[in-house]
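The values are calculated or read from the model by the stated rules, or taken from the named source; none is laboratory data. Bear in mind the structure is a predicted one, so any value in this text is a computation, not a measurement. Every residue, glycine as well, gets a Cβ built from its backbone with ideal geometry; the counts of neighbours run over all protein chains shown.
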């Protein structure tokens, strides 16, 4: 991402002009856009003109249009970003208030205006424009007859190609059909690697599978690289790492990236740090549950007491259409940082982010145990349930306590 200009006023309103240079920049833009924002960009509009004779002519023109954002759609596989909204600046081709969908394009600038630029959005721009923070990893996750060729960046895990083929079983006395099927399968994977993996960028190419499938594919890959005299594969042989995993599905990436050998190679990346912190959280939740909490209520209470050592939160929570809800999470981040805690914003397009989403999207490791938080939250939730049901007064157990006290005083 390239930053062309930034104008932020004292009240936090303002505009930034950015140029998306690669697919991941579209993901950053998707996270920046909120309903009510103003987006100015180059777009194509279909125009219908009518001649004096009554005949109509259809044509397409490229124009600069500014819309008030209403809906945003992002295709993770194609890295396509579409923004729908009403035109708010007069244009001879588009009436004020008319709807238009802008397809943002790579290497074409856009200007984004907000009533309030929060710290999360500004940090995302800063990180997106910092080339040094790139850390791409390529991975082939496979099992016999099934493979995923993936690209893992700081913010996304994208399946570049899924390969599925039927491999004939071995027959008694002959393995010819089976071997031919395997070779066709391996060749498809090899072609996908050549097509999708840019070795000038990636730190490593991970080849992972259950059993010996990875070893057999690696042997096929190197033998054919020599036959084809593929300099790309031969010169980057040192970047290829073989790893064991449980299956050829995308979710196996999480276990692959937690391997000590892989962690060593990727120790300085954001994604590796997220995985380590999440693993530490699970261990703490099992061994010392009073020092590990998930769920908004629990984590907010821990933050109020300046108890959070590490806060984990998914980027999806900052995309909430509810402004109050969004500000709640921004305030949480600022509170934890002000108290000296570490904040990790997980990408919902990573397996680690998917795991955190299953834990409500927010979790924390504490400096010290707070066993009373669980009871406090239970009391609050019970009071809310009773209020929603129209039940007034103390909880049943509180009635029992009062009755016991009356009997005791009476005797």
Point to revise | Residue check for residue 213: touching a residue at least 60 places away in the same chain (Cβ under 8 Å), touching a strand residue (DSSP E or B) at 6+ places or on another chain (Cβ under 8 Å) and more than 30 Å from residue 22 (Cβ to Cβ) | key: yes
Review point. If only one of 18, 65 is in the same structural domain as residue 119 (by TED's automatic domain parsing) and closer than 22 Å to residue 127 by Cβ, which one is it?
Key: 18
Check your understanding: Conditions: (1) surrounded by 18 or more Cβ atoms within 10 Å (Cβ to Cβ); (2) farther than 14 Å from residue 25 by Cα. Residue 124 meets all but one. Number of the miss?
Key -> (2)
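So, restricting to strands (runs of 3 or more DSSP E) that lie completely within the range 268-356, which ones have at least 1 residues that are within 30 Å of residue 69 (Cβ to Cβ)? Talk me through it step by step, then tell me what you get.
Numbers: elements: 292-294, 308-314, 342-346.
Correct list: 308-314, 342-346.
Listed here are the residues, each with its yes/no results for (1) farther than 30 Å from residue 10 by Cα; (2) assigned to a loop (DSSP other than H, G, I, E, B).
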| residue | (1), (2) |
| --- | --- |
| 120 | no, no |
| 125 | no, no |
| 139 | yes, no |
| 159 | yes, no |
| 168 | yes, yes |
| 185 | yes, no |
| 191 | yes, no |
| 195 | yes, no |
| 198 | yes, yes |
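Select from the range 307-325 the residues that are within 22 Å of residue 380 (Cβ to Cβ) and surrounded by 14 or more Cβ atoms within 10 Å (Cβ to Cβ) and list them in ascending order.
307, 308, 311, 313, 317, 320
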Check your understanding: Being at pLDDT below 90 and either surrounded by 14 or more Cβ atoms within 10 Å (Cβ to Cβ) or closer than 23 Å to residue 335 by Cα (or both), is that true of even one residue in the range 276-296?
Key -> yes
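Regarding residue 248, is this residue touching a strand residue (DSSP E or B) at 6+ places or on another chain (Cβ under 8 Å), at positive phi and at pLDDT 90 or above?
Spelling it out, it is not the case that residue 248 is touching a strand residue (DSSP E or B) at 6+ places or on another chain (Cβ under 8 Å), at positive phi and at pLDDT 90 or above.
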Check your understanding: From the residues in the range 216-240 that are outside any helix (DSSP H, G or I) and touching a residue at least 12 places away in the same chain (Cβ under 8 Å), which one is farthest from residue 255 (Cα to Cα)?
Key -> 230
Practice item. Filter the range 251-260 for residues that are surrounded by fewer than 18 Cβ atoms within 10 Å (Cβ to Cβ), in a helix (DSSP H, G or I) and touching a strand residue (DSSP E or B) at 6+ places or on another chain (Cβ under 7 Å) and give the result. Key: none
